[in-house]
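**Student:** I'd like to ask you about the structure that follows.
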Amino acid sequence: MRLVNIGFGNIVSAGRIIAIVSPESAPIKRNVQEARERGSLIDATYGRRTRAVVIMDSGHIILSSVQPETVANRLAGKSSDLME
C-alpha cells in the first residue's frame, strides 16, 4: 500500500485518491459543504487556509493546506514524502 503525505504529518492511501483539486470553484465548494453536512469531511488543515481538496473513492473529502501541485508531485513519487 502506498501512502502520500498531505501535510502536517497527515497521510492518505494513494490508491484511494480519485482527484486532487483546488477549492476555488463553486462546484467544489458545494461538494465540501455537502460532505460537511453528511459527516464525511476530513479537515487536515490545522486551521490554515485550504489549498487542496482531496476526493477519495469512499466518498470522503479531505481538506489540505498544501498546494494541489505539491500533493500531486508527492503522489507521483517526485518527493521524499511518499511512503511504501
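Please treat every number below as a calculation from the coordinates, not as lab data. Remember, predicted model here, so these are calculated numbers, not experimental data. When we count neighbours, we look across all protein chains shown, and the Cβ atoms used for this are built from the backbone with ideal geometry, even at glycine.
**Student:** Loop-only trypsin sites (Lys or Arg not before Pro) in the range 1-73, please: DSSP not H, G, I, E or B, and at most 16 other Cβ atoms within 10 Å.
**Tutor:** Details: sites: ARG2, ARG16, LYS29, ARG30, ARG36, ARG38, ARG48, ARG49, ARG51; in loops: ARG2, ARG48, ARG49, ARG51.
Counting only loop positions with at most 16 other Cβ atoms within 10 Å, the trypsin sites (Lys or Arg not before Pro) in the range 1-73 are ARG2, ARG48, ARG49.
**Student:** Something else about it: Per DSSP H run of n ≥ 4, the term is -39500 (n - 2.57); total these for the chain, divide by its residue number, and report the mean residue ellipticity at 222 nm rounded to 500 deg cm²/dmol. Intermediate results must be reported in sequence, preceding the final value.
**Tutor:** Numbers: 2 runs with 21 residues, N = 84.
The helix contribution divided over the chain gives -7500 deg cm²/dmol.
**Student:** Also, I was wondering about something else. Quick one: length gained pulling ASP57 to MET1 fully straight, 0.36 nm per residue minus the C-alpha distance? Each step should come with its number before you reach the end.
**Tutor:** On the way: separation 56, 0.36 × 56 = 20.16 nm, distance 1.52 nm.
Gain on extension, ASP57 to MET1, equals 18.6 nm.
**Student:** Quick one: angle between helix 26-38 and the longest Cα principal axis of the chain, in degrees between 0 and 90, rounded to 10, please.
**Tutor:** Value to nearest ten degrees: 80.
**Student:** Out of all DSSP beta bridges with both ends in the chain, state the antiparallel percent to the nearest 5. Mind showing how you got there, number by number?
**Tutor:** On the way: 14 of 17 bridges.
Given both bridge residues lie in the chain, the antiparallel proportion sits at roughly 80 percent.
**Student:** Ok, one more. Only sites in a loop by DSSP and with at most 14 other Cβ atoms within 10 Å count here; which GluC sites (Glu not before Pro) in the range 1-56 make the cut?
**Tutor:** Here the sparse-neighbourhood loop sites are GLU24.
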